[in-house]
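To keep things clear, I will list the structure first and then write my remarks on it.
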Amino acid sequence: MSITVTANPSGFGAEITGLDISRPLPADTLAEVKAAWAAHSVVWFPDQPLDHDQLEAFTLQFGGFGHDPYVKPLADRPHILEVRREPTETASVFGGAWHSDWSFQPAPPAATILHAKIVPPVGGDTEFADAYRAYETLSPVMQKLLSGLTTIHSATRPYGAQGVYAYEPAGHRSMEIINCSEADAQQEHPLVRVHPVSGRKSLFVNPIYTLGIAGMTEAESGNLLGFLYKHMLQEAFIYRHKWRPDMLIMWDNRCALHNATGGYDGHRRVMHRVTVAGETPIAA
C-alpha cells in the first residue's frame, strides 16, 4: 500500500488518502503516515468511519494514550473525550481560544486526534498555527534572546478552582468540565523547544496555558508574549480546516497551536478526541 499525501501550498497541513485506518496499518504504510505527519504537522484522513475500538487502536500505533484531565470522558472509554455541543447550547465553544493541548503537563501530549461524528452544515472550522515557521521567521537576535528563556504553564485560567469554567451555571454545557485546585499547579517549559523527530525548533507558548516567563516582571513578560502571539497568529502561518463527517485529523502539539471556531449555533456538533502521550520538552 502506498498512500497519497496532498499538502497545502505552505507545507503546513496535508490530506492523506489511499488507506483504511479502521484496520492496523502495515509497517511500511505506518512509516509513510508518520513521515507525512512529521513533515506537515497536521494531517487528516477523509471518509474514515470508526468505532471506539478502531479509534483507540489507530491512536496506539503512534504511542501510548495521553492523560486528559479536567474533562469527563465517555463513561466506558477513559481515553476518549466527546467534544459535544447541542443545538440549544449557549455555552462558549470548547477549545475556542488558541492553545497547545495540555501544555501545563510535565510531558504534554505529542498528538491530538479528533474524529468527526456529527458535523454542522455551517461553521465549526478548526484553525491551526505553524509554530515552526513562527520561530524560523524571527530575527537571529530575537531567536537568540528566546532560546534561553523558560515559561510558566498552568491550567488555572480555564480549569482552576477560580477558573472561567467554574463560574458557568449548572447544566449550561453538555460536556462536563472538572474545576479543581490541582489545575492551579504550575509547570516550567523552554520557550523554544526542539522537536524530537524533525529536529526543528518551534515556539512553545500559548495564550491559554502560558502564564509568563520565568525571571521577568509581569510587564516584561506580558509585552514579550504579546509580541510572540501576534507574530505566531499571522494569517501566513494559519491553516483553517473544514470538517466532513467521518474525517479524522491528527496534529502535533509540539509545533502547532489550534483554535476551535464557532458559527454553528442551532446545530449539533460531535467529535471524539484522543491524545497520544508525549515527552518532556527539549530546550533549544
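Condition check for Asp101 on (1) more than 13 Å from the chain's Cα centre (by Cα); (2) under 29 Å from Gly66 (Cα atoms); (3) part of a loop (DSSP other than H, G, I, E, B); (4) not β-branched (Val, Ile, Thr): one failure, at (1). Only residues that are surrounded by fewer than 20 Cβ atoms within 10 Å (Cβ to Cβ) and part of a loop (DSSP other than H, G, I, E, B) were counted in segment 106-118, giving 2. Out of curiosity, is Arg244 assigned to a loop (DSSP other than H, G, I, E, B) and either out of contact with any His (no Cβ under 6 Å at 6 or more places or on another chain) or buried (at least 16 other Cβ atoms within 10 Å of the Cβ) (or both)? So Arg244 fits the description; yes.
Considering each of Ala166, Ala170, Ala185 in turn, give the residue that is hydrophobic (A, V, I, L, M, F, W, C) and at pLDDT 95 or above.
On inspection, the qualifying residue turns out to be Ala185.
Is it the case that segment 89-106 has a residue that's at pLDDT below 95 and of a type in the set (Ser, Thr, Tyr)? The answer is yes; a qualifying residue exists. Scan segment 133-152 for residues that are hydrophobic (A, V, I, L, M, F, W, C) and touching a strand residue (DSSP E or B) at 6+ places or on another chain (Cβ under 6 Å) and jot them down. Answer for segment 133-152, where residues must be hydrophobic (A, V, I, L, M, F, W, C) and touching a strand residue (DSSP E or B) at 6+ places or on another chain (Cβ under 6 Å): Ala134, Leu146, Leu149, Ile152. The residues on offer are Leu211, Leu225, and the sole one that is more than 20 Å from Lys72 (Cβ to Cβ), in contact with a Ser or Thr (Cβ under 9 Å, 6 or more places away or on another chain) and part of a helix (DSSP H, G or I) is Leu225. Does segment 189-209 include one or more residues that are surrounded by 14 or more Cβ atoms within 10 Å (Cβ to Cβ), among the aromatic types (Phe, Trp, Tyr), farther than 19 Å from Asp68 by Cβ and within 23 Å of the chain's Cα centre (by Cα)? Checked against the condition, which is being surrounded by 14 or more Cβ atoms within 10 Å (Cβ to Cβ), among the aromatic types (Phe, Trp, Tyr), farther than 19 Å from Asp68 by Cβ and within 23 Å of the chain's Cα centre (by Cα), segment 189-209 yields at least one hit. Looking across segment 104-145, just one residue is farther than 22 Å from His189 by Cβ, charged (D, E, K, R) and more than 15 Å from the chain's Cα centre (by Cα), and that is Lys117.
The values are calculated or read from the model by the stated rules, or taken from the named source; none is laboratory data. Please read all numbers here as calculations on a predicted model, not as lab measurements. Reconstructed Cβ throughout: ideal geometry from the backbone, glycine too, with neighbour counts over all protein chains shown.
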